[in-house]
Amino acid sequence: MIGTYLRLLIVFSVLSVLGFGGGKGIIPQMHQDAVAHYHWVTASQFSEFYTIGKLVPGPTTIFAVLIGFAAAGIVGAVIAAIGMFVPSTLLMIAMDSVWVRWRNTAWKDLISHGLAPAIVGLVWSSVIAIGKGTTHSPAGYAIGIVITILMLRTKISAPALIGISGFAGIAFLR
């Protein structure tokens, strides 16, 4: 079990410092580690845990705690939480003074503009990683398309859309 604890700490610590620009960018790697490499959870569980992470207050990456719990119980959940949030917090505190010091430099602006396309690509790959654990049926795809359109075209909140998806699943995915 110590090996699992150590792997949880290493995996989530690395993901933590790579998750700049928002947690969605690390989801494909988290999926690779948790599902494909270490088999802590199934693709379906990963998608379910992600959904729960969207519903609770706080960052979406809180679902790392659920992965830790699935892998190694309460201790695994605590270790995953420490790994997911402590390294990035410490890095953010350390980098704040550097970023403020360089706030009026062209270098900072170039980095910011250069990272934006990478973040977009990472978010799109997150869609694919999460989609691997969903229902692959015409009704499932239709629900996904409708929810995407509603998210982009209305002011309906993400938790409300998740609830709508759940009811649509009950109605159409039996």
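At a glance:
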{"read-out": "Nearby lysines by direct alpha-carbon distance to residue 155 (threshold 30 angstrom, same-chain neighbours under 8 apart not counted)", "value": "24, 54, 132"}
{"read-out": "HN-Hα J in Hz across segment 145-155 - Karplus 6.51, -1.76, 1.60, θ = phi - 60°, x for Gly and Pro", "value": "5, 4, 5, 4, 4, 4, 5, 7, 10, 10, 9"}
{"read-out": "For segment 2-134, the fraction of alpha-carbon pairs in successive 10 Å shells from zero, as %", "value": "13, 41, 31, 13, 3"}
{"read-out": "Anisotropy class of segment 76-173 from Cα gyration tensor, a/c 1.5 cut", "value": "prolate"}
{"read-out": "HN-Hα J in Hz across segment 132-140 - Karplus 6.51, -1.76, 1.60, θ = phi - 60°, x for Gly and Pro", "value": "5, x, 9, 6, 9, 8, x, 5, x"}
{"read-out": "Peptide ranges 24-32, 158-166 listed from the most packed, as the mean C-beta count within 10 angstrom indicates", "value": "24-32, 158-166"}
{"read-out": "Lys, Arg +1 and Asp, Glu -1 on Cβ, resulting dipole of segment 1-152 about Cα centre, debye, nearest 20", "value": "160"}
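Every number in this text was worked out from the coordinates using simple rules, so none of it is lab data. Just so it is clear, the structure is predicted and the values come from calculations on it, not from any experiment. All Cβ positions, even for glycine, are placed from backbone atoms using ideal geometry, and neighbour counts span all protein chains on display.
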